[in-house]
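What follows is a single structure, written as structure tokens, with notes after it.
Taken together, the values in this text are just the output of simple stated rules run on the coordinates, not laboratory data. Everything numeric here is computed off the predicted structure, so don't read it as measured data. With ideal geometry, Cβ positions are generated from the backbone for all residues, glycine too; neighbour counts draw on all protein chains shown.
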Amino acid sequence: MIRKGERHTMNPLDTLIKQHVAPVMKAAGFTKKGRTFRLVAPHGDHLLMEVRREAVDPGREVFDVTFTVVPLSHWEFVNRQYADPPQPDASGALATCPVMPPAEVAHEPDEEMPFRSRWAFVEPDTRDLCGRELARGLTEESIPAMVRLLDRRTLLEETRVNPNGELVRLRGRPMTEIFLRVDDDPVADVTALVDKAEAEGVFAPFVVWARERLARRAAQEH
């Protein structure tokens with residue numbers, strides 16, 4: 001608790017986020033809660049960007065910046081036990097992609113993934129440099145690349161080959177394709193995909209869920 005007369009000192013990472021990250025994310029239409037930024041598509045799919053501190057170096061502030069794509073269909077499957085699922089979060093990601101730091105603000109610039117993805121700065125000496133580089137990377141590369149993945153057809157094409165650059169698909173290809181087509185493509189076409197996935201031994205509760213969702217669509221369309 002902060003007593004009267006005391007000044008609250010913001011965490012260095014939160015200062016970086018406030019000064020450099022929040023403005024570019026807000027300009028791109030994202031809302032902020034804590035260290036998470038959220039963009040919601042008209043059809044309900046979510047794109048999240050999270051900044052996560054890593055307590056691995058007492059001399060520097062080290063953190064990861066990660067985008068996750070959470071299609072509503074996948075979220076509702078993951079939370080199928082709920083009649084009214086909570087707001088989507090990163091636990092329902094179907095694909096994820098780190099924001100990679102340039103060498104001068106990387107924690108371990110010569111290391112391979114996953115540690116190459118960690119950003120780092122010394123407070124206060126290199127905080128602004130790190131923040132400017134992150135803001136530039138978000139504006140010029142990551143935000144345009146990731147926002148387009150809120151289109152399910154685009155996400156499907158990007159995840160058909162895995163790995164695809166830094167974008168990582170978190171489900172197998174048959175399930176991913178069904179999640180991204182189940183709400184929009186012809187019911188008969190998706191049903192054929194479900195039949196094929198079932199024959200190949202895909203997770204049985206997923207087959208049940210997909211058939212029920214398709215049945216509801218078919219009833220609504222007639």
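Quick notes on this structure:
- Farthest toward the positive end of the dipole of region 64-135, out of THR126, ALA106, SER91, is the Cα of SER91, where the dipole comes from beta carbon charges about the Cα centre.
- Listed values [x] 20.3, 69; [y] 28.7, 95; [z] 17.1, 50 include one computed from this model; for Rg and Dmax of the Cα atoms in Å that value carries the label [x].
- Chymotrypsin sites (Phe, Trp or Tyr not before Pro) lying in DSSP loop within region 67-118, provided at most 15 other Cβ fall within 10 Å: TYR82
- Residue by residue, region 83-88 carries 3J(HN,Hα) couplings of 5, 10, x, x, 5, x Hz when phi is fed to the Karplus relation 6.51 cos²θ - 1.76 cosθ + 1.60 (θ = phi - 60°); x denotes Gly or Pro.
- Choice from ALA27, ALA95, ALA197 with maximal GNM fluctuation in the chain (Cα, 10 Å cutoff): ALA27
- For region 1-154, size of Cβ-based charge dipole, Lys and Arg +1, Asp and Glu -1, in debye: 740 debye
- Sites listed here are trypsin sites (Lys or Arg not before Pro) in region 1-90 whose DSSP assignment is loop and whose Cβ has at most 15 other Cβ atoms within 10 Å: ARG3, LYS4, ARG7, ARG80.
- Qualifying aspartates and glutamates (Cα of each under 20 Å from Cα of LYS196; at least 8 residues distant if same chain): GLU157, GLU177, ASP183, ASP184, ASP185, GLU212
- Residue of VAL161, VAL51, VAL190 that the Gaussian network model of the chain assigns the largest fluctuation, springs spanning Cα pairs under 10 Å: VAL161
- Other-chain or far-sequence residues with amide H under 5 Å of ALA28's (modelled H): none
- Sorted peptide list for 117-123, 103-109, criterion being average Cβ within 10 angstrom, highest first: 117-123, 103-109
- Among LEU150, LEU193, LEU13, the residue with the largest mean-square fluctuation in a Gaussian network model of the chain, with springs joining Cα atoms closer than 10 Å, is LEU193.
- With each label modelled as a point 7 angstrom along the Cα→C-beta vector, the ALA103-THR126 pair spans 1.3 nm.
- Calculated FRET value between MET10 and THR154, using beta carbons and R₀ = 41 Å, to 0.05: 0.65
- Extents of region 11-114, largest first, come to 47, 30, 21 Å (Cα atoms, principal axes, whole angstrom).
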